[in-house]
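Report on the structure given below.
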Amino acid sequence: MEDQTVIIERDRIVEIGPSMEVRVSSDATIIDGTDKYLMPGLAEMHGHVPPSNPGPNAPDYFNEEYVKNTLFLYVSAGITTVRGMLGYEDQLSLKDSVNSGAYIGPNLYLAGPSFNGNTISSPEEARERVLRQHEEGWDLLKIHPGLSLEEYDAMVEAANEVGITFGGHVAEDVGVIHAIESGQITIDHVDGYVSYLSQFVGDEKEERLAEVIRLTKENNVCIVPTMALWETIIGAADFEAMKEYNELKYIPPAVRQNYFNFANDPQTGYTIGNPTEQAEFRTKILSEMNNAGVNILMGTDAPQLFSVPGISIHRELPHMQSAGMTNFEILQSGTKNVGEYFADWDDFGTIAEGQRADLILLNSNPLEDLSVIQDHFGVMVQGKWYSREMIDERLAKIETLYAK
């Protein structure tokens, strides 16, 4: 739509229309969008925020400053919503800090501490953990590997009773088919599909792929691919090139060194067969899912290996393009699709009256070239405007802080 004026009051879009017809109050703050492009803010649907209350054995860089910088990095790259996928004690208070303006950050939807083989030792414990996290106010449950089938089913039953969703990995004893049929709201990383399909070869593998994709769509399961990160984890990435990523200057030296240590000696239990072939198969799975109309949600698992918060989205986009997704489909995966996922929480993800004012103002058209999102003019979160100049000044301070 061309030549539009968008009126925002507090955190909501209240009016949109042709510039000649929309009345602008004399005391309004004007953001000039002439020759620019306005799009909804993007989402990181598998992100992480460092603990705001780390324990006594936590690394030195786990502090309030690191939390603030992480939240800001998301916003600086146009990420206005983050689904945090590993909760820490007292982390729910971060929502209040962001909503009050004490911290500059994205809208946060947070999973509690994870359900895994180390935290759960019985079905009873799984059930108790669900009830406790629901009572504490977490938005969803996070699944990590290691759960037994009985523990997983107990978690599912309790989650359905109290009305809390669950997503994340697929535990080996559970399997992707059972996870889908149990109502797992997201399956993240695609590794559960790779593990299942690696049992088959030839035509049978193709048939099973089509079947599991059909089940995924029929059960309204969403996929958060995290393609770039997983290529790193399985050892298929170009580590020397990644060591030169410019955005590494925005993270603490100790975190950066952790990345380098992995790159110098990649050890992972997720690699099945040849890493390059597995990466290619992951791309095929995402391509077939997209062709079938599976709901795909943008995510990178930042700040995991070489995935700097916010900026990591722009490392993910080329992988989604390689899977045959159009620029429009990719943009939908981080905007409209996410708004539909969170429809019971709030209204956002498109530019329309009544929607939360999470926006990116761009200098060029992202439908033609997704990379222009990095060259934005400014970002708005909940109606709060952060200009390019302000963002660049803050990024420069973070760079200086973390300089060797």
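The values are calculated or read from the model by the stated rules, or taken from the named source; none is laboratory data. Treat the numbers as computed from the prediction; the structure is a model and nothing was measured. Backbone-built Cβ (ideal geometry, glycine too); neighbour counts: all protein chains shown.
So that you can scan it fast, the table gives a plain yes or no per residue for (1) surrounded by 17 or more Cβ atoms within 10 Å (Cβ to Cβ); (2) closer than 27 Å to residue 50 by Cβ:
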{"residue": "236", "(1), (2)": "yes, no"}
{"residue": "240", "(1), (2)": "no, no"}
{"residue": "270", "(1), (2)": "no, yes"}
{"residue": "285", "(1), (2)": "yes, no"}
{"residue": "288", "(1), (2)": "yes, no"}
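When you go through 361, 367 one by one, which is the residue that is touching a residue at least 24 places away in the same chain (Cβ under 8 Å), touching a helix residue (DSSP H, G or I) at 6+ places or on another chain (Cβ under 7 Å), under 15 Å from residue 38 (Cβ atoms) and not basic (Lys, Arg)?
From the options 361, 367, the qualifying one is 367.
Does residue 62 fit the bill of being closer than 30 Å to residue 305 by Cα, aromatic (Phe, Trp, Tyr) and not in a helix (DSSP H, G or I)?
When the stated conditions are applied, residue 62 passes them.
Of the numbered conditions (1) at pLDDT below 95; (2) more than 28 Å from residue 343 (Cβ to Cβ), residue 96 satisfies every one except a single condition; which is it?
(2)
Of (1) within 24 Å of residue 308 (Cβ to Cβ); (2) at pLDDT 95 or above; (3) over 24 Å from the mean Cα position of the chain (by Cα); (4) not basic (Lys, Arg), residue 265 satisfies all except one. Which?
For residue 265, the failing item is (2).
Residues checked against (1) under 25 Å from residue 320 (Cα atoms); (2) assigned to a helix (DSSP H, G or I); (3) at pLDDT 95 or above:
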| position | (1), (2), (3) |
| --- | --- |
| 346 | no, no, yes |
| 352 | no, no, yes |
| 371 | yes, yes, yes |
| 378 | yes, no, yes |
| 386 | no, no, yes |
| 389 | no, yes, yes |
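Are there any pairs with C-beta distances below 6 angstrom linking a residue in region 338-351 that is closer than 10 Å to residue 41 by Cβ to a residue that is in a helix (DSSP H, G or I) and small (Gly, Ala, Ser), with the two at least 6 apart or on different chains, and if so which?
What qualifies is 348/339; 349/339.
Looking only at region 336-363, filter to residues that are exposed (fewer than 15 other Cβ atoms within 10 Å of the Cβ) and hydrophobic (A, V, I, L, M, F, W, C); which one of those is farthest from residue 295 (Cα to Cα)?
Restricting to residues being exposed (fewer than 15 other Cβ atoms within 10 Å of the Cβ) and hydrophobic (A, V, I, L, M, F, W, C), the top hit is 352.
Just give me the residues in region 22-59 being charged (D, E, K, R) and part of a loop (DSSP other than H, G, I, E, B), in sequence order.
Passing the criteria: 23, 27, 32, 35, 36.
Give all pairs with beta carbons closer than 8 Å in which a residue from region 115-131 that is surrounded by 14 or more Cβ atoms within 10 Å (Cβ to Cβ) and of a type in the set (Ser, Thr, Tyr) meets a residue that is modelled with pLDDT of 95 or more and not in a loop (DSSP other than H, G, I, E, B); count only pairs at least 6 apart in sequence or on separate chains.
119/129
Between 276, 271, 300, which is under 15 Å from residue 233 (Cα atoms), under 18 Å from the mean Cα position of the chain (by Cα) and not aliphatic (A, V, I, L, M)?
One residue alone meets the criteria, 300.
Tell me which residues, restricted to region 172-204, are touching a Leu at 6+ places or on another chain (Cβ under 6 Å) and charged (D, E, K, R).
173
Return the residues of region 324-334 that are outside any helix (DSSP H, G or I) and in contact with an Asp or Glu (Cβ under 9 Å, 6 or more places away or on another chain); say none if nothing qualifies.
334
Where residues in region 71-93 are at pLDDT 95 or above and either among the small types (Gly, Ala, Ser) or surrounded by fewer than 24 Cβ atoms within 10 Å (Cβ to Cβ) (or both), which of them is nearest to residue 167 (Cα to Cα)?
Selected residue: 84.
Output the number of the condition that residue 261 fails; it satisfies all remaining conditions of (1) within 29 Å of residue 210 (Cα to Cα); (2) in a helix (DSSP H, G or I); (3) not small (Gly, Ala, Ser).
(1)
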